[in-house]
């Protein structure tokens, strides 16, 4: 797995992607800035891309350098580079709990794939099921994005959890799921199917089944389990802990005993692997 890029290295790559003419325009625009701190002409003239980035890093804070570079790219009409950098920064803001695109996944089991009568398993099956749910998922896109911003969890992961948990609501009965014949009541609630069984998760449902309040509650549960996994397995990488937290969202943190068998106690033996594969599809192909 390649090393994760820093903000500085991504800015360097962005400037390196400029034509010679656009790079000169970029430097000229930086020199024309009137806001403090300002950069002296001798510090930029004739300097390489690497040197210019070093000057920017020494002059501005990390948050300010991003603002300055994005604004300057826009001012000189380099919109493709601006959009690429903006997208990277957006994704970076959702990496508090790990980068979903760097999580290993084997995808859906054949048992799960048979929900859609697929004759194959793995990442291909997860992608097919994610795509099949996309139209329904998009009905909740603004709500998903709002919750993602509030909780700093990638919207593609929230979309994937909704897809796996309730097929974007298609498997629910008035917002409820998993009817328990013994209890004569439903065990799970909402798009993200929180466990309301008193002998299970014991959560009290908040909001309507497809509301922002419900999604916030579900993501808070996920974050709590991520914290448990982090404490239980401090030697795991952030991406491994993220995968463990996803499995724990379904099976509970006490069901996670090793990374190699992270899904051993999940339904279909694939919960986190399937969710991760769906999330990666929603991010790369589904507009999240």
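Of note:
- Given their separation in residues at 0.36 nm each and the Cα-Cα distance between them, residue 170 and residue 120 gain 15.8 nm when the chain is fully extended.
- Residues 167, 90, sorted so that the one with the fewest Cβ neighbours within 10 Å comes first: 90, 167
- Available extension along the chain between residue 92 and residue 45 is 13.8 nm, counting 0.36 nm per residue and deducting the alpha carbon span.
- Principal-axis analysis of the Cα atoms of the chain puts helix 238-251 at an angle of about 20° to the longest axis.
- Between region 121-138 and region 182-242, the alpha-carbon center distance in angstrom: 22 Å
- For the pair residue 16 and residue 197, a Förster radius of 41 Å applied to the C-beta separation gives a FRET efficiency near 0.15, rounded to the nearest 0.05.
- Ranked for footprinting exposure by Cβ neighbours inside 10 Å, fewest first, 283, 139, 184 give 184, 139, 283.
- Helix axis angle, 141-151 relative to the chain longest principal axis, alpha carbon, degrees: 80 degrees
- Kirkwood Rh and Cα Rg combined as Rg/Rh, region 95-182: 1.00
- Which of 105, 266 has the fewest Cβ neighbours within 10 Å, and the rest in rising order: 105, 266
- Listed candidates (1) 79, 37, 37; (2) 64, 45, 37; (3) 49, 44, 39 - label of the one calculated as Cα extents along the principal axes in Å: (1)
Read-outs: derived from the displayed coordinates by stated rules, not from any lab. The structure presented is a predicted model; accordingly, all values stated were derived computationally and were not measured. Virtual Cβ from ideal backbone geometry, glycine too; neighbours counted across all protein chains shown.
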